[in-house]
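*Asks:* Structure in structure tokens, see below.
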Amino acid sequence: MLKKLLLLSFCLFTGYISIQPLTALADNDWYVSIPESIVDMNAPWNERFQYTSVVYLTDQGLKSKIPLPFDCSVKCWVAVNTQNANNPSQPRYVDPGQPNVMFKGKTTGDALSALYNNIGSMIYTSQGTAPDRRGEGIEWCGAVAISPSGSGSSYVLLPGGECGRLPPASLSCVLLTPDVLLDYGEFHKSDLLDNSLDKRKDGTFKIKCDRDATVLLSLISQDEENSTNRGTRIVFDDNYDLVSYLTINDKAALTPTPFEVTGGDNGTEFKVTSELALEGDQKVVLGPFSSYAYIVLSYQ
């Protein structure tokens, strides 16, 4: 489940951040969430696991230079599918109903760019089916996968992301909060430089679980390559130097970070903080700037 953070600014600046839910992450070139799934024992065997998947792509992923595991100089296929969560490198089939795109290239960025050109969006929702193989110890997870042939059991996990695990069977968690907006109002560049502006803005979101649980929360953005322990970095405009660093409960959740949730209907509240900064040559001009990031809920 994912919350989207959107931050706008001027010089006079106006700023806000919005947060939306996702469900599991690690490396941030791509992520596939499975927010909804059922097992229908009345369906044909190979269609019993029925799910909704949400693909999240990032600018970082489209530019990724990670080498592909196959020679794709002539052609390969990149697809959205389900992999074995306990052995995600195991070759699997592509699932019916999912994108399956032929491309040629050398890097994860080449594969993800082909997928992006096919689906036409950085976020894409689709439905798929797979066999129910729990009896074999296989638990499905959402993935972007690559194949040298485009057929059969030949799809392996695309480097740069991680299979998005389903929640444990005995646990149900939901994000209760709609998009969270952090509004900086209007201010001048000089307000940032002389510290007359409060650079930090806080918002809150709630997670509800049906029992006490440890969940993993992460903050990802499309342009987070230069993120640090200060937090996940948001860039407002590639031509200028206004950025924000985002944290959860004052933790730099660049990778999945454990947080405790108390079970019950009231949910557990978390704080998300934006801290503005001018970096580099401190270039910035009048006008609105915007960017966003995601808060990701995942499971161990």
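*Asks:* Can you tell me which of 284, 215 is under 30 Å from residue 66 (Cβ atoms) and touching a residue at least 12 places away in the same chain (Cβ under 8 Å)?
*Replies:* Every option except 215 fails the conditions.
*Asks:* Can we say residue 64 is part of a loop (DSSP other than H, G, I, E, B) and either in the same structural domain as residue 160 (by TED's automatic domain parsing) or farther than 20 Å from residue 139 by Cβ (or both)?
*Replies:* Spelling it out, residue 64 is indeed part of a loop (DSSP other than H, G, I, E, B) and either in the same structural domain as residue 160 (by TED's automatic domain parsing) or farther than 20 Å from residue 139 by Cβ (or both).
*Asks:* Turning to a different aspect of this structure: So, residue 73, is that one loosely packed, with under 14 Cβ neighbours inside 10 Å, under 22 Å from residue 140 (Cα atoms) and of a type in the set (Ser, Thr, Tyr) or not? Steps first, please.
*Replies:* Details: loosely packed, with under 14 Cβ neighbours inside 10 Å: yes; under 22 Å from residue 140 (Cα atoms): no; of a type in the set (Ser, Thr, Tyr): yes.
Against the criterion (loosely packed, with under 14 Cβ neighbours inside 10 Å, under 22 Å from residue 140 (Cα atoms) and of a type in the set (Ser, Thr, Tyr)), residue 73 does not qualify.
*Asks:* Another one. Return a yes/no flag: does segment 124-141 have any residue that is among the hydroxyl-bearing types (Ser, Thr, Tyr), modelled with pLDDT under 90, under 26 Å from residue 210 (Cβ atoms) and not in a loop (DSSP other than H, G, I, E, B).
*Replies:* yes
*Asks:* Looking only at segment 251-265, decide whether some residue is touching a residue at least 24 places away in the same chain (Cβ under 8 Å) and touching a helix residue (DSSP H, G or I) at 6+ places or on another chain (Cβ under 6 Å).
*Replies:* Checked segment 251-265: no residue is touching a residue at least 24 places away in the same chain (Cβ under 8 Å) and touching a helix residue (DSSP H, G or I) at 6+ places or on another chain (Cβ under 6 Å).
*Asks:* Assess whether residue 211 counts as being of a type in the set (D, E, K, R), on the phi < 0 side of the Ramachandran plot and touching a Gly at 6+ places or on another chain (Cβ under 8 Å).
*Replies:* yes
*Asks:* Within segment 85-118, how many residues turn out to be buried (at least 17 other Cβ atoms within 10 Å of the Cβ), free of Cβ contacts under 8 Å to residues at least 60 places away in the same chain, outside any loop (DSSP other than H, G, I, E, B) and among the polar types (S, T, N, Q)?
*Replies:* Result for segment 85-118: 3.
*Asks:* Moving on. Mind listing whichever residues of segment 14-62 are of a type outside the set (D, E, K, R), more than 25 Å from residue 113 (Cα to Cα), crowded, with 17+ Cβ neighbours inside 10 Å and at pLDDT 85 or above?
*Replies:* 49, 50
*Asks:* Do we have residue 274 as surrounded by 19 or more Cβ atoms within 10 Å (Cβ to Cβ), part of a strand (DSSP E or B), out of contact with any Cys (no Cβ under 9 Å at 6 or more places or on another chain) and modelled with pLDDT under 75 here?
*Replies:* Judged against the criteria, residue 274 is not a match.
The values are calculated or read from the model by the stated rules, or taken from the named source; none is laboratory data. For clarity, every value in this text was computed on a predicted model and none was experimentally measured. Positions of Cβ are generated from backbone atoms using ideal geometry, with glycine treated the same way; all protein chains shown enter the neighbour counts.
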